[in-house]
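Novice: This is the structure I have questions about; it appears just below.
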Amino acid sequence: MPERRIRPGPSVKGTRWHRPPARPPLPPTHHREPEADPRGESVTEDRRSVVQAVVYQGGHRVHAPDTLTETFRRLREQPDSMAWIGLHRPSEEELHSLSQEFDLHPLAVEDALEAHQRPKLERYGDTLFVVLRAARYLDDAEEVAFGELHVFVGPDFLITVRHGAAPDLSDVRHRMEQSPELLALGPEAVLYAILDAVVDGYAPVVEGVQTDIDEIETEVFRGDPTVSRRIYELSRETVEFQRATRPLIGMLHGLMAGFAKYGTDEELQRYLRDVADHVTHTSERVDGFRQALTEILTVNATLVAQQQNAEMRTLAEAGFQQNEEIKKISAWAAILFAPTLVGTIYGMNFERMPELNWAAGYPFAILLMAVVCVSLYVIFKKRDWL
């Protein structure tokens, strides 16, 4: 998938949202006293999870406050400005502060705190709440790692709440700041840039999974006994990848359906359609991966069954040969048993036994043993025991 770059848009014709009236001053409870730092510096709790908070005006950075409280103040004081706040695993107190300042819906705040949400798009009044699942391919472990991103988009603010290492939004911020015309379009343009970054992050994952599937096919036909486990693990990752990409199609179509209603800029419309095309392509490839893994698993099961059948046939042939040998040994044992029996009986030390004084006793005993042995030999020969 070719890498896309944000293109400068036309001059701003107007924004679809209007900044609400000036907010009343923050209640005293929103202010957090600085905590003592071992090095003697003052550190506020905001810094623990705030990756970056910047206030923009006309597409240009005007302030980069250190705390959320200062960000709120700068945003109220600066007319026609926009705040872009990035958080990483924020605390409940920090999200509560943002909720009070920007009037975020409690259900959306609860989802952002708990995480583990499926990709979705919800509107609460003038605020959009978007959940995205980012993915990155780990070459060393040959597996896919998923991250979760929650985005609040309002009239004059955009808040990103990140759970996990992906996605890295620093590049998105840098690219947007390099295109002030596009950044001047407001939070909606930033949301589309984030969507584009998340979708672009799927490209190396798709290539990594494709490489794994090619390797698995080679291992299957090579008879690697550990390939079944690898197929199962990759199938699990593919299902998770499918859950991350498939809902995006409906989300983007929902955003495109609101173009006319909310007066979305034409450049942003083209931009989002391009993102939607890439999402559709990625989702189709992921669906193909899952189908391919299912077929590979079926082929592997067939090959394993054939190998097991060949091994069973080999064992059966070995068992048949052993039975034949046992038959021969048993037949000769039976043949030799007859003279042994006769000789044993007449070898007993008794004075009174029949035919002890019979002159033909010895020839008769020899003849009897010969007749029995020959008869048994003929019988075993007819039954193919010998």
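Novice: For Leu191, only one of the following conditions fails: (1) assigned to a helix (DSSP H, G or I); (2) closer than 30 Å to Glu94 by Cβ; (3) in contact with a helix residue (DSSP H, G or I) (Cβ under 8 Å, 6 or more places away or on another chain); (4) touching a residue at least 40 places away in the same chain (Cβ under 8 Å). What is its number?
Specialist: Among (1) assigned to a helix (DSSP H, G or I); (2) closer than 30 Å to Glu94 by Cβ; (3) in contact with a helix residue (DSSP H, G or I) (Cβ under 8 Å, 6 or more places away or on another chain); (4) touching a residue at least 40 places away in the same chain (Cβ under 8 Å), Leu191 violates only (3).
Novice: Does Asp200 meet the test of being of a type in the set (D, E, K, R), more than 20 Å from Val109 (Cβ to Cβ) and modelled with pLDDT of 90 or more? It would help to see each step written out before you state the result.
Specialist: Numbers: of a type in the set (D, E, K, R): yes; more than 20 Å from Val109 (Cβ to Cβ): yes; modelled with pLDDT of 90 or more: yes.
For Asp200, the condition - of a type in the set (D, E, K, R), more than 20 Å from Val109 (Cβ to Cβ) and modelled with pLDDT of 90 or more - is met.
Novice: Report yes if Asp287 is among the acidic types (Asp, Glu) and open to solvent by less than 40 Å² (accessible area, probe 1.4 Å), otherwise no. Before you say what the answer is, go through the steps one by one.
Specialist: Values: among the acidic types (Asp, Glu): yes; open to solvent by less than 40 Å² (accessible area, probe 1.4 Å): no.
Criteria not met by Asp287.
So that you can scan it fast, the table gives a plain yes or no per residue for (1) open to solvent by 70 Å² or more (accessible area, probe 1.4 Å); (2) under 30 Å from Gly223 (Cα atoms); (3) over 60 Å from the mean Cα position of the chain (by Cα); (4) at pLDDT below 80:
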residue: Ala310; (1), (2), (3), (4): no, yes, no, no
residue: Thr314; (1), (2), (3), (4): yes, yes, no, no
residue: Ala331; (1), (2), (3), (4): no, no, yes, no
residue: Leu341; (1), (2), (3), (4): yes, no, yes, yes
residue: Glu351; (1), (2), (3), (4): yes, no, yes, yes
residue: Pro354; (1), (2), (3), (4): yes, no, yes, yes
residue: Leu368; (1), (2), (3), (4): yes, no, yes, no
residue: Asp384; (1), (2), (3), (4): yes, no, yes, yes
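Novice: Residues that are open to solvent by less than 60 Å² (accessible area, probe 1.4 Å), farther than 30 Å from Asp214 by Cβ and in contact with a Ser or Thr (Cβ under 8 Å, 6 or more places away or on another chain), at least 1 per element: which strands (runs of 3 or more DSSP E) completely within the range 109-166 meet that?
Specialist: Details: elements: 120-124, 127-138, 143-153, 157-163.
So the answer is 143-153.
Listed here are the residues, each with its yes/no results for (1) under 15 Å from Thr245 (Cβ atoms); (2) open to solvent by 50 Å² or more (accessible area, probe 1.4 Å).
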site: Glu181; (1), (2): no, yes
site: Val190; (1), (2): no, no
site: Ala197; (1), (2): yes, no
site: Ala203; (1), (2): yes, no
site: Gly208; (1), (2): yes, no
site: Asp214; (1), (2): no, yes
site: Thr218; (1), (2): no, yes
site: Phe221; (1), (2): no, yes
site: Pro225; (1), (2): no, yes
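Novice: For the range 356-386, give me each residue that is assigned to a helix (DSSP H, G or I) and of a type in the set (Lys, Arg). Give the steps one after another, and end with the answer.
Specialist: Step one: list which residues in the range 356-386 are assigned to a helix (DSSP H, G or I), which gives 361-382.
Within the range 356-386, Lys381, Lys382 meet the criteria.
Novice: Right, here's the next one. Given the conditions (1) under 60 Å from the mean Cα position of the chain (by Cα); (2) open to solvent by 100 Å² or more (accessible area, probe 1.4 Å), which single one is not true for Ala318?
Specialist: (2)
The values are calculated or read from the model by the stated rules, or taken from the named source; none is laboratory data. Every value quoted in this text rests on a predicted model; they were computed, and no experiment measured them. Cβ atoms come from the backbone with ideal geometry, glycine included; neighbour counts cover every protein chain shown. Surface areas here come from the heavy atoms of the whole protein model, side chains and all, with no ligands, DNA or RNA. Shrake-Rupley method; radii C 1.70, N 1.55, O 1.52, S 1.80 Å.
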